[in-house]
Amino acid sequence: MSKNIVQLNNSFIQNEHQRRRYLMKERQKRNRFMGWVLILMILLFILPTYNLAQSYHQLLQRRQQLSDLQTQYQTLSEEKEKETAFATKLKDEDYAAKYMRAKYYYSKNREAVYTIPDLLPR
């Protein structure tokens, strides 16, 4: 039993094939357009995201720099306080004389100076 399939080739079938081809072309155009829109949307989201990440990285660097500068400021202010305290002590003549004798081995006539470690004020 062999079956022979015969394809109809009348005007209705031809119109139907033509309509399907037209619909396929329209669908391809719409899909192509939607693809370009999708690519454009991806680019529009990627660029701001990249800029946001870059700004966040820069913010982290600035925060680190700020904390470093604050610690440096603390150490410099403590050092300045020590120096001003030392300067006010040097304004006292007795302290200045003791300091000069201990640090620079300054002595009076017929006086011997002996140094003891860790006895200097500074």
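Laboratory data are not the source of any read-out in this text; all were calculated from the coordinates shown. Because the structure is a prediction, the values reported are computed rather than measured. Heads up, the Cβs are rebuilt from the backbone with ideal geometry, glycines too, and the neighbour counts pull from every protein chain shown.
Which FRET efficiency value, to the nearest 0.05, is calculated for ARG63 and GLU83 with the Förster distance at 35 angstrom and r the Cβ-Cβ distance?
Here the calculated transfer efficiency is 0.70.
Net charge near LEU38, counting Lys/Arg +1 and Asp/Glu -1 over other residues with Cβ under 14 Å of its Cβ? Before the final figure, lay out the partial values.
On the way: positive: ARG30, ARG32; negative: none.
Summing Lys and Arg as +1 and Asp and Glu as -1 gives +2.
Treating cross-link reach as a plain straight distance, find the lysines whose alpha-carbon is under 20 Å from the alpha-carbon of LYS91, omitting any fewer than eight places away in the same chain.
The qualifying lysines are LYS80, LYS82, LYS103.
Please list, in order along region 10-17, the HN-Hα scalar couplings obtained from phi with the Karplus expression 6.51 cos²θ - 1.76 cosθ + 1.60 (θ = phi - 60°), rounded to whole Hz, x for Gly and Pro.
Once θ is set to phi - 60°, the couplings for region 10-17 become 9, 5, 5, 5, 5, 5, 5, 5 Hz.
Tell me what the chain gives for mean residue ellipticity at 222 nm when only DSSP H runs of n ≥ 4 count, each as -39,500 (n - 2.57), the sum divided by the residue total, rounded to 500 deg cm²/dmol.
Details: 2 runs with 92 residues, N = 122.
So the helix-based figure for the chain works out to -28000 deg cm²/dmol.
Using a basic spin-label model with each label point 7 Å from the Cα along Cα→Cβ, how many nm lie between LEU90 and LEU52?
With each label placed 7 Å out from Cα toward Cβ, I get 5.8 nm.
Please list 3J(HN,Hα) in residue order for region 43-57, calculated via the Karplus relation 6.51 cos²θ - 1.76 cosθ + 1.60 where θ = phi - 60°; whole Hz, with x for glycine and proline.
3J(HN,Hα) across region 43-57, in whole Hz: 5, 5, 8, 6, 4, x, 5, 4, 5, 5, 5, 5, 5, 5, 4.
Go through region 19-122 and name the chymotrypsin sites (Phe, Trp or Tyr not before Pro) that are in a DSSP coil and have 15 or fewer other Cβ atoms within 10 Å of their Cβ.
Listed in order of number, the matching sites are TYR105, TYR106, TYR114.
What whole-number value in cubic angstrom gives the convex hull volume per residue for the C-alpha atoms of region 10-102?
78 Å³
Cross-link partners among lysines for LYS108, C-alpha distance below 19 Å, same-chain residues fewer than 8 apart left out?
LYS98
Which whole-Hz ³J(HN,Hα) couplings does region 31-40 yield from phi under the Karplus relation 6.51 cos²θ - 1.76 cosθ + 1.60, θ = phi - 60°, glycine and proline marked x?
5, 5, 4, 5, x, 5, 4, 5, 4, 5
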